[in-house]
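Right, one structure below, let's go through it.
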Amino acid sequence: MKSAMEVKELQKVFGKNIAIKHVDFNVKQGEIFGLLGPSGSGKTTMVKILTGELSKTAGDVNVLGMDSSKFKTSDFKSKVGILSDNSTLYKRLSVYDNLKLFCKLYKAPLHHIDDILHDVHLYEERFKTASDLSKGMAQRVLLAKALIHKPDLVFLDEPTSALDPGTMIHIHRALQKLNEVGTTIFLTTHNMEEATELCDRVAFLHKGELQELDSPAALRYKYSDHTFHVETVAGERMVIKNEPETADQVRQLIANRQVKAMHTDNPTLGQIFLKVTGKELV
Amino acid sequence: MNIQRIHAIFEKDIKDFMKNMMLLVLPALPLVIALLYALTSEGEAELPLPLLYLIVGMAFSGITSAMIMTMMAEENEKNTLRGLIQSPASFVDIIVGKSLVTGIITLISLVASLMIVGIEPFLEFRVILGLILLFLFFLLLGIGIGLFSKTVSATSAYLMPVMLLFGFTSMVGTFGFAEDSMAITITDTFPIMQAIKIHDSSSWMPMVVIAIWIIAAAIFTYVCFRNTMTDD
Ligand SMILES: Nc1ncnc2c1ncn2[C@@H]1O[C@H](COP(=O)(O)OP(=O)(O)OP(=O)(O)O)[C@@H](O)[C@H]1O
Ligand SMILES: [Mg+2]
């Protein structure tokens, strides 16, 4: 599969503070890639470098086949969509006028506005003034703004932080729909459920270093303690190691109809993060 | 530069202007002064040039500079400038779009105000050229200040000296300074004073002096631009 993004030996230094330390990763075309990390781990810095807003200190980045010297060109900018960490709307303008501005700046057809408003469930609110929107609505308009030109690649910096579960689901649906038509999505989050649900692959960023990179399922398997938790009909609870030697024991229990419930106890991504970095992912 | 994108910025900023109370009052200022003149100088012949240029200075400092610096500072403060820069619009597209809005509002207010007090002295090619040069000077000054002041409230602190020094320069004669004093000699080279000189001489010197002021303002704006664009 082709890469949408290649990052090699990337480093970013602010004065004496090393924000990104020799990071390597690739993002495949069409995947949803999640960059997970606690506050201050360098997620926003990473997004800013990948979108040309900040310059790198060392290393190579290639996005959509273009190296970082091309990141300021309108060719590059029209192929990516960005939802920044603290972007806002023009609060005196309507939802529609906010989107119209960007639709025109990206030279996209104006019918995209109504299409995208339907996708984020805000068509009814299109003539509302932006200052009258709830936080969740405003965030959905900002997402719509990032997607208005149907970009090949979207960067979302904490798209759902501080939003209610309902809004979060709306946003997740819109992102899944977008991904189905082949859009590559790069998102940062410190929400573990979000990453588990949405991402094809996740990377852990801790103090500017990449710690793990794999699919959520593979990571949960890797960090599981490989045990079965079994509850028998008689009410007895057992923990059985998942090894060839114990296979017979399990088979026997099932054959004797003694098993009432059985489950594996894989850790959540949050627990894995804690294990890998020794730091809570908040 | 891209016409379509400039138009998009222009359209957005006009709509935003119409809903922004703080900006909407600005074009009224020169009109109010013009009306006061008209009421107090009933029947009198033409108003003296320094008084007419108080209206001009009011329009260029109080509308042109004030509007563009407020618009730029607000984009900065609300983080919306970032969205524009992330889009394929160039910085020039953004500035030109905003300048067109500022220019049109200034033009409407200035022409209306001058019509009230008598626009005849301004209906001459060289005088109009002088006004256009003045507009550019005040526009660049406003853009520069708008770029480095990160909040709208900060701009008002910078606007005061701009208005007093460059907007109301023509009033310096009423303060009773001696003809050969430092104050008079220095302020004599200021853009508004040079524009007044265009009326009663056929020399191109005043234009050249204003052009030098424009170059200085352009350098100032460029330095402010460099400083805001490199944030690491
Ligand atoms: N412009 C800057 N100048 C100096 N240091 C910076 C700058 N931007 C970020 N940093 C530093 O780089 C580190 C990473 O910051 P960054 O904003 O990338 O973290 P983050 O993972 O996005 O955090 P959060 O989850 O809070 O958004 C921090 O130590 C921060 O202080
Ligand atoms: Mg961040």
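The values are calculated or read from the model by the stated rules, or taken from the named source; none is laboratory data. Keep in mind that what you see is a predicted model, and the values were worked out from it rather than measured. Glycine also receives a Cβ, built like all others from the backbone with ideal geometry; neighbour counts cover every protein chain displayed. We work out accessible area using only protein heavy atoms, side chains counted, and drop any ligands, DNA or RNA first. Shrake-Rupley method; radii C 1.70, N 1.55, O 1.52, S 1.80 Å.
Couple of notes before you dig in:
- Taking the chain by itself as reference, region B:3-50 contains these residues with an accessible-area loss of 40 Å² or more in the full protein complex (1.4 Å probe, heavy atoms): B:Q4, B:R5, B:A8, B:E11, B:K12, B:K15, B:D16, B:K19.
- Its residues counted as N, region B:128-220 yields a C-alpha radius of gyration over 2.2 N^0.38 Å of 1.16.
- Sorting the segments A:116-127, A:140-151, A:46-57 by their residues' average number of neighbouring beta-carbon atoms within 10 angstrom, most packed first, yields A:140-151, A:46-57, A:116-127.
- Its Cα centre serving as origin, region A:138-272 has a Cβ charge dipole (Lys and Arg +1, Asp and Glu -1) of approximately 360 debye.
- Taking the DSSP bridge list for the protein assembly as shown and keeping only pairs wholly inside it, about 60 percent are antiparallel.
- Per-residue average of Cβ from other chains inside 10 Å of B:70-78: 1
- Only protein atoms count toward the accessible area here, which uses a 1.4 Å probe; on the protein assembly as shown, the carbon and sulfur part of that area reaches 60 percent.
- Taking 14 Å as the straight-line reach from the Cα of A:K2, the aspartates and glutamates in range (excluding those fewer than 8 positions away in the same chain) are A:E31, A:D152.
- Computed from the Cβ-Cβ distance with R0 of 56 Å, the FRET efficiency linking A:Y221 to B:I215 stands at 0.25.
- Computed about the Cα centre, the dipole magnitude for chain A is approximately 880 debye when only Lys and Arg (+1) and Asp and Glu (-1) carry charge, each at its Cβ.
- Kirkwood-based shape ratio for region A:37-155, expressed as Rg/Rh from alpha carbons: 1.01
- Averaged over the residues of peptide A:106-113, the number of Cβ atoms from other protein chains lying within 10 Å of each residue's Cβ is 1.
- Accessible surface computed residue by residue for the protein assembly as shown, with neighbouring protein chains in place and a 1.4 Å probe, gives 47 Å² per residue.
- About its Cα centre, the dipole of the protein assembly as shown is roughly 900 debye, where the only charges are +1 on Lys and Arg Cβ and -1 on Asp and Glu Cβ.
- Under the span-like rule (Cα at least 27 Å along the axis, Kyte-Doolittle mean at least -1.0), DSSP H helices of chain B: B:91-117, B:125-148, B:205-229
- For the residue pairs A:K21/B:K98; A:K135/B:K98; A:K56/B:K15, alpha carbon separations beyond 30 Å are given by A:K21/B:K98; A:K56/B:K15.
- Mean projected area of the convex hull spanned by the Cα atoms of chain B, taken over all viewing directions: 13.9 nm².
- Of all aspartates and glutamates in the structure, those lying under 15 Å Cα to Cα from A:K43, and not within fewer than 8 positions of it along the same chain, are A:D24, A:E53, A:D85, A:D157, A:E158, A:E209, A:E212.
- At least 20 Å² of accessible area lost relative to the chain alone, listed for region A:72-90 with a 1.4 Å probe: A:S74, A:K77, A:I82, A:S84, A:N86, A:T88, A:Y90
- Volume of the convex hull of chain A (Cα atoms only), normalised per residue: 171 Å³.
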